[in-house]
Amino acid sequence: MTLNPLLSFVSQVGQRSLQSVREVGYHAALLAEAFYWLLFGHWRRQPVRLGAVFKEAVGVGVNAIPIVALASFATGMMLAIQGIYTLRTFGAEGQVVLGIALSVTREFAPLITGIFVAGRSGSAIAARIGTMQISQEIDALRVIGINPVRYLVAPLLAAMLLTLPALTILSDLVALFGGALYCAGELSLPMGIFFERTFEVLVAEDVIHGVLKSFIFAVIVTLIGAGNGFNVSAGAEGVGQATTRAVVLGCIGIILADMVFTFLTSR
Amino acid sequence: MNATDLAIDVSHLVTHYGSRKILDDISFQARQGEIMVIMGGSGSGKSTLLRHLLGLHQPTSGSIRLLGKDITQLSADEMYDLRKNMGVAFQGGALFNSMTVGENVELPLREHTRLDENTMRIMSRMKLEVVNLAGFENLMPSELSGGMIKRAALARAIVMDPRLLFFDEPSAGLDPVVSAELDELILILRDAMNMTIVVVTHELESAFKIADRITVLDQGRILMSDTVAAVRASSNERIQSLLNRKPRNEAINPDEYMERLTREIF
Amino acid sequence: MEIQIEDRPPYKLVRLSGDVDLHSSPRAREAILDCLKLKAPLLVDLSAVSYMDSSGVASLVEGYQTAKKQGLEFALVAVAQSAMNVLKLARLDKVFPIHASLDERMAQQR
Ligand SMILES: Nc1ncnc2c1ncn2[C@@H]1O[C@H](COP(=O)(O)OP(=O)(O)OP(=O)(O)O)[C@@H](O)[C@H]1O
Ligand SMILES: [Mg+2]
């Protein structure tokens, strides 16, 4: 290579951005197609089966309950510990309830849920679809006349859109419980009072804010998982790379989307 | 040949992977009820041709008519309807690993028909009987041997009684007895259902046994597409070396050869 | 596909004609199972079948099994060649009672 190193660097950056743009376009098309099948599949006589949606909902949602609950409980406690520690310097420990209530419902519950589902299911989706790609199962679906997006992605997307908000609300409750438990011990604040005050300061909008985010996260996890799976071409190693990418990009996607959403709605 | 009884009519097919030309001006025909064997050395483009026949890729140019319909021009809905008349057994089987053998075989019925549950169950079991896998419907694909996977894949391919059956490498990796059984099965299927069957294979013996016509590919081009007798009698050097399993002994051009070895060395 | 149902005491006779395929076989199945509900022994005449696929055969299999459970006779008569090929494919020609013609079966009856 006799190319000027600077030139080669610039060209690499260019190639990379081009690829990113292409990837974003690909995922957008995937999303549009999945929604198309969810909405119009019946009319085309190729419906998305409820049984499949239910099965995926158990896989990505119900089975995630223990881990999400545990993480949320710990997060709620952590917020209480940190909040009391910080507020004590102002002698304002009593305000900790407000802090916990708002940060749990608006930020931590949807984020924790999203990240854990990305880790659990984003990788599983990529691995499953990637394996099917290299074993020609995707081709087999197509020659049978089964659209792979309709059959594999649409039920997952529906399941994610149903379960992630539900998990987020569960996470809200468990995290608040964790916070309440710590406050009960540390500040001798009865749990009843904690929750009473919580529901005084919280407005519906706070919870809705978190739930809206969880819809976005559901889309991100599903698309990045499925997209990376479909793009596997080279063997078992390719599947491994796809699962790693699905988790890393899924988590980054969630955090970035969270930032943008919060910026746009909380000013 | 009358155009209407052609089950498969490929004309002037050209395909690329990226910028590399893989198939060049491929034309051949098969009538309803014929068994067409596609042969050729490794890398000659057999699998690529098959994937185009299945409508998995869009060719660069040329047409592929299956049962009278040009699949390069069909809408998604028309293709969907055509696929009910096509069955495919992939080389590795491509059974769905998350389903039992029985569910695999039933899947096309579930997707394409509104038959009674009992009818579907009986149909899939009948096809498992046909391929000698009776009683295996509750096993998972991972619990099957290579030959059993191939047969299960065949059962899935024929469960809708398709008019076109595509079979990639039925004998590859199987012992001679099992592969002879599969050949027998292909003949029985054609005779009973008047299927048009396209088989991709390396195995000469099997090709001669089952084929009505053989299409020989070489480096992406058709060397010959004719009856078994005509292929056997061909005087083409490449075909003869394929038939007699002689290693290729092409004349070497010393300058070109040196160029290939020393390219990009400074 | 056409279905004709006749009384040939003691039998019910179901005559199928035309194409028995994925679209029409559910009707054939229903006709056969309905006749069996009347507790009559059943003959299915396949002489005028131009094409039968495995969904048609599956309907016959289900009918035969249902008849057996009720201790009723079930037989195929005058099976057209195309249908016979499909039966043979799954070796069912050795399973179903098959009679060359209706007259033959009726003669045996006496
Ligand atoms: N996915 C792909 N991307 C790029 N090139 C490919 C791809 N698949 C096949 N090729 C190329 O196409 C050519 C024909 O390959 P093909 O798999 O059709 O050969 P084949 O006749 O089936 O060989 P074999 O008998 O070894 O299976 C080869 O040169 C191969 O390198
Ligand atoms: Mg190949």
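Which distance in nm do the two modelled labels at C:Ala100 and A:Leu6 give, with both placed 7 Å along the Cα-to-Cβ direction?
Distance between label points: 9.9 nm.
Report the one residue of C:Leu16, C:Val86, C:Leu42 whose Cα lies farthest in the direction of the positive end of the charge dipole of chain C (charges on C-beta: Lys and Arg +1, Asp and Glu -1; origin at the Cα centre).
After comparing all options, I get C:Leu42.
A:Tyr85 to A:Ile193: extension gain in nm, 0.36 nm per residue of separation minus the Cα-Cα distance?
Length gained between A:Tyr85 and A:Ile193: 36.9 nm.
I need the shape label for the protein assembly as shown. Rule: rounded when a/c is under 1.5, else prolate if a/b > b/c, else oblate, with a, b, c from the alpha carbon gyration tensor.
It comes out oblate by the Cα gyration axes.
Suppose the Debye formula is applied to equal point scatterers at every Cα of the stretch C:2-105; what is log10 I(q)/I(0) at q = 0.09, 0.10 Å⁻¹?
Treating every Cα as an identical point scatterer, log10 I(q)/I(0) equals -0.18, -0.22.
Using protein heavy atoms only (no ligands, DNA or RNA), what is the total accessible area buried between B and C, 1.4 Å probe, nearest 100 Å²?
For chain B against chain C, roughly 1500 Å² becomes buried.
Where in the stretch B:192-266 are there GluC sites (Glu not before Pro) that are in a DSSP coil and have at most 13 other Cβ atoms within 10 angstrom of their Cβ?
B:Glu250, B:Glu264
Give me the net charge of C:Gln4's neighbourhood, meaning all other residues with Cβ under 15 Å from the Cβ of C:Gln4; Lys, Arg count +1, Asp, Glu -1. Don't skip to the answer; put the middle values down first.
Values: positive: C:Arg8, C:Lys12, C:Arg15, C:Arg27; negative: C:Glu2, C:Glu6, C:Asp7, C:Glu30, C:Asp34, C:Asp45.
So the environment of C:Gln4 carries a net charge of -2.
Along the charge dipole of the stretch B:1-106, Cβ charges K/R +1 and D/E -1, which of B:Ile22, B:Leu66, B:Phe90 sits furthest on the positive end?
B:Ile22
Work out the mean other chain Cβ neighbour count within 10 Å for the residues of B:198-205 and drop it here as an integer. Numbers along the way, then the final one.
Working: counts 0, 0, 0, 0, 0, 0, 0, 0.
Whole-number average of other-chain Cβ neighbours for B:198-205 is 0.
Write down the percent of antiparallel bridges among all DSSP beta bridges whose residues are both part of the protein assembly as shown, to the nearest 5.
Of the beta bridges lying entirely in the protein assembly as shown, close to 50 percent run antiparallel.
Between the alpha-carbon centers of the stretch A:131-208 and the stretch C:1-69, tell me the distance in whole angstrom.
53 Å
Nearest 0.05, what FRET efficiency do C:Lys68 and C:Ile5 give at R0 = 25 Å with Cβ-Cβ as r?
With R0 = 25 Å, the Cβ-Cβ based efficiency is 0.75.
Chains A and B: what accessible area do they bury, summed, in square angstrom to the nearest 100, with a 1.4 Å probe?
1800 Å²
Mean Kyte-Doolittle hydropathy of 1.6 or higher plus an axial Cα length of 15 Å or more: which whole DSSP H helices in chain B meet both?
none
Hey, can you find the accessible area per residue of the protein assembly as shown for me, probe 1.4 Å, expressed in square angstrom?
48 Å²
Please work out the Kirkwood hydrodynamic radius for the stretch A:23-111, using every pair of different C-alpha atoms, and report it in angstroms with one decimal place.
16.9 Å
Residues with amide H under 5 Å of B:Thr72's amide H, sequence separation 5 or more or different chain, H placed in the peptide plane at 1.01 Å from N; which?
When sequence neighbours closer than 5 places are left aside, the close amide H contacts are B:Ile64.
Name the long-range amide H neighbours of C:Val20: under 5 Å, sequence gap of 5 or more, or other chain; modelled H, no Pro or chain starts.
C:Ser50, C:Tyr51, C:Met52, C:Asp53
Kindly list the residues of the stretch B:43-65 that lie in the label zone of B:Lys21, defined by a backbone N under 17 Å from the point 7 Å along the Cα-to-C-beta vector.
B:44-46, B:49, B:59-63
Report for chain C the percent antiparallel among DSSP-assigned beta bridges with both residues inside it, nearest 5.
Numbers: 7 of 21 bridges.
In chain C, DSSP labels about 35 percent of beta bridges as antiparallel.
Run the numbers for A:Ala32 and A:Thr265: contour at 0.36 nm per residue of separation, minus the present Cα-Cα distance, in nm. Intermediate results must be reported in sequence, preceding the final value.
On the way: separation 233, 0.36 × 233 = 83.88 nm, distance 2.48 nm.
Net length gain for the segment: 81.4 nm.
Measure off 7 Å from each Cα along the Cα-to-Cβ vector at B:Leu139 and B:Asn194, then give the distance between these two points in nanometres to one decimal.
3.6 nm
Where the centroid of each part is defined by its Cα atoms, how far is the stretch A:1-69 from the stretch B:1-77 in Å?
Each part's Cα centre sits 32 Å from the other's.
Counting partner chain Cβ atoms within 10 Å of every residue's Cβ in B:114-127, what's the average?
6
Put simply, what bits of the stretch B:153-184 lose 50 Å² or more of accessible area when the other protein chains are there, versus the chain on its own (1.4 Å probe)?
Residues of the stretch B:153-184 that lose at least 50 Å² of accessible area once the other chains are added: B:Asp161.
Restricting things to alpha carbons, find the Rg to Rh ratio for the stretch B:21-135 using the Kirkwood radius for Rh.
My calculation puts Rg/Rh at 1.00.
Quick check: pseudo-label points 7 Å beyond the Cα along Cα→Cβ at B:Leu187 and A:Ala184, how many nm apart are they?
About 8.1 nm, to one decimal.
Quick one: dipole size for the protein assembly as shown, taken about the Cα centre, charges +1 on Lys/Arg Cβ and -1 on Asp/Glu Cβ, in debye to the nearest 20.
240 debye
Per-residue HN-Hα couplings for the stretch B:23-36, Karplus 6.51 cos²θ - 1.76 cosθ + 1.60 at θ = phi - 60°, whole Hz, x for Gly and Pro?
Coupling constants for the stretch B:23-36: 10, 10, 6, 8, 9, 6, 10, 9, 8, 4, x, 8, 9, 10 Hz.
If you take each beta carbon of peptide B:95-103 and count the beta carbons of other chains within 10 angstrom, what is the mean?
Averaged over the peptide's residues, the number is 2.
What are the principal axis extents of the Cα atoms in the stretch A:19-265, in Å, biggest first?
68, 38, 32
Report the accessible area of A:Phe230, computed with a 1.4 Å probe over the heavy atoms of all protein chains in place, in Å² rounded to the nearest 10.
Here the accessible area works out near 30 Å².
Name the long-range amide H neighbours of B:Asp218: under 5 Å, sequence gap of 5 or more, or other chain; modelled H, no Pro or chain starts.
Residues meeting the criterion, in which the H sits 1.01 Å from N, are B:Leu223.
If each DSSP helix of 4+ residues adds -39,500 (n - 2.57) and the sum is divided by the residues in the protein assembly as shown, what number results at 222 nm, nearest 500 deg cm²/dmol?
It lands at -18000 deg cm²/dmol.
Keeping the other protein chains in place, figure out the carbon and sulfur percent of the accessible area of chain A, with a 1.4 Å probe.
Details: 9390 of 13260 Å².
Carbon and sulfur atoms account for 71 percent of the accessible area of chain A.
Using a 1.4 angstrom probe on the protein heavy atoms only, line up A:Phe35, C:Phe74 by accessible area, largest first.
Putting A:Phe35, C:Phe74 in descending order of accessible area: A:Phe35, C:Phe74.
How much net charge surrounds A:Thr262 when only the other residues with a Cβ under 11 Å from the Cβ of A:Thr262 are counted, with Lys and Arg +1 and Asp and Glu -1?
Working: positive: A:Arg106, A:Lys213, A:Arg267; negative: A:Glu107, A:Asp258.
Every neighbour counted, the sum reads +1.
If you average 1/r over every pair of different alpha-carbon atoms in the stretch B:91-143 and take one over that average, what Kirkwood value in Å do you get?
11.4 Å
When you have a sec, figure out the Kirkwood radius of chain B from all distinct Cα pair distances and drop it here in Å to one decimal?
Roughly 19.8 Å, rounded to one decimal.
Roughly to the nearest percent, how much of the accessible area of the stretch C:2-105 is carbon and sulfur, given a 1.4 Å probe?
51 percent
Among DSSP beta bridges whose residues both lie in chain B, state the antiparallel percentage, nearest 5.
Bridges in chain B that DSSP calls antiparallel: roughly 55 percent.
The values are calculated or read from the model by the stated rules, or taken from the named source; none is laboratory data. Computed from a predicted structure; not experimentally measured. FYI the Cβ positions are ideal-geometry reconstructions off the backbone, even for glycines, and counts take in every protein chain you see. Quick note on the areas: whole protein, heavy atoms, side chains included, nothing else; ligands and nucleic acids left out. Shrake-Rupley method; radii C 1.70, N 1.55, O 1.52, S 1.80 Å.
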